[in-house]
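Trainee: Sharing a structure with you now.
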Amino acid sequence: MKKSILITGCSTGIGYVCAHALHKRGYQVIASCRKPQDVERLRSEGLTSILLDLADPTSISHGVKEALEITNGRLDALFNNGAYGQPGALEDLPTDGLREQFESNFFGWHQLVCEVLPVMRKQGSGRIVQNSSVLGFAAMKYRGAYNASKFAIEGWTDTLRLELMDSDIRISLIEPGPIETQFRANALLAFNRWITIEGSAHEEQYRQQMARLNSSTSNNAFVLPAESCIAPLIHALESAKPKIRYRITTPTKVFAVLKRLLPTRLLDKILRQAA
């Protein structure tokens, strides 16, 4: 019997390549997107795709219901991947902008997991994989909203792991560093929506940030393609003993070590330069 998996944020990037890879591997993949045109595009590519907007509680509930109808009531795995980055200094970010970041990156994930957990408990097993980030444990300037949402996901996931220890439901975190996706383009849209450059104490830095976000490719020497997340995801889904954290890219692995070893003030200097 095919194993079923619901994946969020499949229009591009990590969700897109993982959906196709698992489909080829024999999974019954339900690839969700928040825009109808992306759902239709994925369907034309041979995937089973549904509409699910993580910022919309009603859309989440409808998406879960539709996914379970497709899988005849069973869901073996959930890959929480859909998210975006809100750039900008915290002092320039309106509370509504931060709230919007958390709706998609945190509260939507919470609701989705809470709606699929009863199904996994009833069937006696399940796998939940959360796509976090190096910014889920190492903060960088001008990424405060995204940092906060990913730090929250890390703590939330650690707590749920403890609460699920008496069950056969396993939960893991994937922690990518720089990945070549359309993340910058989406971040630029969020930046323009919520941040006013003129008159800000960070105006000069914002000009530099906009040039980076406008670039079609990353200038990071350690950037990896989205496909680098496929093998860790498969291990988290299929291993008898999945890892708690899968660190992807050199910066993620390095900063994980530095955070354990270095005094905070010294680490701050390194993170400031890295940003």
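Trainee: Which of the residues belonging to region 227-253 are part of a helix (DSSP H, G or I) and either of a type outside the set (A, V, I, L, M) or surrounded by fewer than 14 Cβ atoms within 10 Å (Cβ to Cβ) (or both)?
Mentor: So in region 227-253, the residues part of a helix (DSSP H, G or I) come out as 227-238, 250-253.
Matches in region 227-253: GLU227, SER228, CYS229, ALA231, PRO232, HIS235, GLU238, THR250, PRO251, THR252, LYS253.
Trainee: Now a separate question. Quick one: ILE234 ticks every box in (1) touching a strand residue (DSSP E or B) at 6+ places or on another chain (Cβ under 8 Å); (2) closer than 18 Å to ILE128 by Cβ except a single one, so which number is it?
Mentor: In the conditions (1) touching a strand residue (DSSP E or B) at 6+ places or on another chain (Cβ under 8 Å); (2) closer than 18 Å to ILE128 by Cβ, ILE234 misses (1) alone.
Trainee: Is it the case that ALA256 is closer than 24 Å to ALA190 by Cα, surrounded by 11 or more Cβ atoms within 10 Å (Cβ to Cβ), in contact (Cβ under 8 Å) with a residue 24 or more places away in the chain and not polar (S, T, N, Q)?
Mentor: Numbers: closer than 24 Å to ALA190 by Cα: no; surrounded by 11 or more Cβ atoms within 10 Å (Cβ to Cβ): yes; in contact (Cβ under 8 Å) with a residue 24 or more places away in the chain: yes; not polar (S, T, N, Q): yes.
The answer is no for ALA256.
Trainee: Hey, can you tell me all the residues within region 109-134 that are assigned to a helix (DSSP H, G or I), in contact (Cβ under 8 Å) with a residue 24 or more places away in the chain, under 17 Å from ILE171 (Cα atoms) and not basic (Lys, Arg)? Quick ask: steps written out before the conclusion?
Mentor: Here is the first cut: in region 109-134, the ones assigned to a helix (DSSP H, G or I) are 109-123, 134.
Okay, now just the ones that are also in contact (Cβ under 8 Å) with a residue 24 or more places away in the chain, so 109-113, 115-117, 119-121, 123, 134.
Then drop every residue that is not under 17 Å from ILE171 (Cα atoms), which leaves 109-113, 115-117, 119-121, 123.
Passing the criteria: TRP109, HIS110, GLN111, LEU112, VAL113, GLU115, VAL116, LEU117, VAL119, MET120, GLN123.
Trainee: Restricting attention to region 1-49, which residues are surrounded by fewer than 19 Cβ atoms within 10 Å (Cβ to Cβ), at pLDDT 95 or above and among the aliphatic types (A, V, I, L, M)?
Mentor: Passing the criteria: only ALA21.
Trainee: Would you be able to tell me the number of residues in region 50-70 that are crowded, with 19+ Cβ neighbours inside 10 Å and within 15 Å of LEU117 (Cα to Cα)?
Mentor: Initial filter on region 50-70 (crowded, with 19+ Cβ neighbours inside 10 Å): 50, 52-54, 60, 63-64, 67.
Still in the list and also within 15 Å of LEU117 (Cα to Cα): 60, 63-64, 67.
Final tally of qualifying residues: 4.
The values are calculated or read from the model by the stated rules, or taken from the named source; none is laboratory data. Just so we're clear, the structure is a prediction, and the values are computed from it rather than from any experiment. Ideal geometry is used to build each Cβ from the backbone, glycine not excepted, and the neighbour counts take in all protein chains shown.
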